[in-house]
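The values are calculated or read from the model by the stated rules, or taken from the named source; none is laboratory data. Bear in mind that the values here come from a model prediction, so they are computed numbers and not experimental data. Note that we place each Cβ from the backbone using ideal geometry, even for glycine, and neighbour counts take in every protein chain shown. In case anyone asks, the SASA skips ligands and DNA or RNA and just uses the protein heavy atoms, side chains included. Shrake-Rupley method; radii C 1.70, N 1.55, O 1.52, S 1.80 Å.
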Amino acid sequence: MSQRAREELARRIAGEITLSDDPGATLRKWRTDFDVSQTDLAGQLGVSSSVVSDYESGRRESPGIGVVRRTVEALIAIDADRGGDRLRQYARVISAGFESDVVLDLREYTTAVPLSTFHDAMDATEIVAGERDRIYGHTVINSIQAISRLSSEEFYRLYGQSTNRALVFTNVTRGESPLVALRVVTPTPNAVVLHGIDEDDLWDHAADLARADGFSLAVADRDIDDALEDLRDL
């Protein structure tokens with residue numbers, strides 16, 4: 001990632017934390033997404049782990065912009081020292097942009113949302129339980145347009161700023177195409193919802209693929225506009 005891209009990423013993350021209604025929870029979200037422990041972050045900042053814990057839990061007064069900036073820079077520095085996997089991921093999405101007929105909605109949450117809450121908003125039925133039960137964002141995708149028009153690189157950018165998210169594929173008939181397409185994208189999302197079908201319509205091998213890759217798989221057939229309205233309240 002170039003220095004300019006790193007600065008843009010740092011600015012975006014710092015802005016999200018600073019403007020959040022719950023800065024501590026949003027800080028925790030980004031620390032978790034970077035896969036950095038409180039101990040490692042504290043070591044990079046030169047403070048005790050309890051300081052990081054207090055900020056994230058709200059026991060300490062909300063961090064000012066200076067603390068936020070140093071914390072974000074510490075997360076980026078830790079990832080760079082580890083090889084920069086997260087930085088390369090975010091570099092792919094900083095300039096991401098999609099036509100509205102491909103991506104119906106792409107949102108990041110300020111705090112983790114239980115997957116059950118997301119499923120309730122979609123009126124979704126879970127077929128396979130995944131390895132992770134919380135998400136930090138969602139992307140709602142027109143499966144036909146996405147599969148027919150997007151390159152593998154563009155398909156990857158559907159993740160937005162966090163791979164710990166739910167992907168909703170609309171206009172699904174069996175679910176085979178989007179699930180096969182996901183097999184070439186690493187890492188996999190936390191959850192996939194196939195919209196427009198019920199359990200009886202599902203591709204025979206869908207559940208096996210979900211179990212193999214460790215993500216939650218659900219189906220839903222609620223009116224998509226109504227579902228999008230409720231998803232925007234998450």
> Limited to the stretch 1-20, what total is found for residues that are among the polar types (S, T, N, Q), closer than 24 Å to R165 by Cβ and open to solvent by 50 Å² or more (accessible area, probe 1.4 Å)?
Replying inline: 1
>> Take the conditions in contact with a helix residue (DSSP H, G or I) (Cβ under 6 Å, 6 or more places away or on another chain), modelled with pLDDT of 80 or more, farther than 26 Å from D200 by Cβ and open to solvent by less than 10 Å² (accessible area, probe 1.4 Å) and apply them to A74. Does it pass?
In response: yes
> When residues of the stretch 116-142 are filtered for being within 15 Å of the chain's Cα centre (by Cα) and of a type in the set (A, V, I, L, M, F, W, C), how many remain?
Replying inline: 4
> In the stretch 21-57, which residues are at pLDDT below 90, in a loop (DSSP other than H, G, I, E, B) and crowded, with 18+ Cβ neighbours inside 10 Å?
Replying inline: F34
>> Can you go through I147, I135 and tell me which one is among the β-branched types (V, I, T) and in a helix (DSSP H, G or I)?
In response: I147
> When both residues are 6+ apart or on different chains and their Cβ atoms are under 8 Å apart, which pairs have a first residue that lies in the stretch 32-61 and is under 19 Å from Y109 (Cβ atoms), and a second that is assigned to a helix (DSSP H, G or I) and of a type in the set (K, R)?
Replying inline: D33/R86; F34/R86; D35/R86; E56/R28; E56/R31
>> Looking at S116, S95, S151, can you tell me which residue is over 22 Å from R12 (Cα atoms), at pLDDT below 95 and not acidic (D, E)?
In response: S151
> Of all the residues that make up the stretch 38-52, how many are out of contact with any helix residue (DSSP H, G or I) (no Cβ under 8 Å at 6 or more places or on another chain) and over 17 Å from G24 (Cβ atoms)?
Replying inline: 2
> Would it be correct to say that D79 is among the charged types (D, E, K, R), in contact with a helix residue (DSSP H, G or I) (Cβ under 6 Å, 6 or more places away or on another chain), at pLDDT 80 or above and in a helix (DSSP H, G or I)?
Replying inline: yes
> Quick one: is T110 of a type in the set (V, I, T), touching a residue at least 24 places away in the same chain (Cβ under 8 Å) and open to solvent by 10 Å² or more (accessible area, probe 1.4 Å)?
Replying inline: yes
> Across the stretch 181-212, what is the number of residues that are surrounded by fewer than 20 Cβ atoms within 10 Å (Cβ to Cβ) and under 12 Å from A129 (Cα atoms)?
Replying inline: 4
